Amino acid sequence: MALDRYNTGATLLMLLATLAAPALAQNKGDSGKKLYCWDEGSRRICSDTLPPEAVNSARQEFNARSGTRSAEIQRALTAEERADAALAEAQQKIDAAAADTRRRTEQAMLATYGSEDALRRVFAERTAIVDNNINTALYNVASLREALAAQLLSAGNRELAGQKVSDKQAGEIRQRHTELLAQLRLQAAFEQQRKAMEVEIAESLARYRELKGIAPPAAPDAAPAPAPTQG
């Protein structure tokens, strides 16, 4: 049973009373019975069942016997929001590793490491994290491209055959495209992190050489200039 409502309190009480009536008449009831309330556009819907199309919506859950709210469920994240969350989590790990690396690097430059190779190993963990993120994004992008290409080919063949592309198939194509764009954003961000880390490593090595009084590696010999031609 579902009810549309604009007056939250009145409809909620009405539905709770309807659900509770059989239990009160028998002086017992199912304490696990739930009432769900969610929004559909400008409407508020309350029901003792949750339809599939509302599973990903934000909702409140109530105990149908007592009328007390038992849960507050947030809506499911979109593909773009999931990508943003994954990027934020990855960035947090990188930032934490960076802070730890800077602390250890400053100490290591003067007291611990006796060679540049030893100093480079400080960055190995961070490099591995970023490289793994890049490889995962590359794999996801390739997989999503392949799946999207197959869906587009199928839709194109249907249209060439004079058949209509179903709403479901069109929706799946849009969803796959959105997921692909999100993964491409992740890939670009991870690759930018890798470039920034390379700069940091180079600067740290330069600082190490400065503190240790070590001359920087000699630049490769320049190619000899061509001999002037005789006029």
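Below, the figures for the structure above:
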| quantity | calculated |
| --- | --- |
| Subset of region 120-162 (residues that are open to solvent by 60 Å² or more (accessible area, probe 1.4 Å) and of a type in the set (Phe, Trp, Tyr)) | 139 |
| Filter result (among the hydroxyl-bearing types (Ser, Thr, Tyr), more than 30 Å from residue 177 (Cβ to Cβ) and not in a strand (DSSP E or B)) within region 33-81 | 49, 66, 68 |
| Single residue of 111, 118, 150 found to be within 30 Å of residue 79 (Cβ to Cβ) and of a type in the set (Gly, Ala, Ser) | 150 |
| In region 181-231, residue least open to solvent (accessible area, probe 1.4 Å) [restricted to those that are modelled with pLDDT under 85 and charged (D, E, K, R)] | 209 |
| Scope region 68-91; condition surrounded by 11 or more Cβ atoms within 10 Å (Cβ to Cβ) and closer than 30 Å to residue 33 by Cα; matching residues | 69, 70, 71, 73, 75, 76, 77, 78 |
| Candidate set: region 116-132, residues that are of a type in the set (A, V, I, L, M, F, W, C) and out of contact with any helix residue (DSSP H, G or I) (no Cβ under 7 Å at 6 or more places or on another chain); chosen: the one farthest from residue 190 (Cα to Cα) | 118 |
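The values are calculated or read from the model by the stated rules, or taken from the named source; none is laboratory data. In this text the structure is predicted, and so the values were computed from the model without any measurement. Virtual Cβ from ideal backbone geometry, glycine too; neighbours counted across all protein chains shown. Side chains included, ligands, DNA and RNA excluded: accessible areas come from the protein's heavy atoms. Shrake-Rupley method; radii C 1.70, N 1.55, O 1.52, S 1.80 Å.
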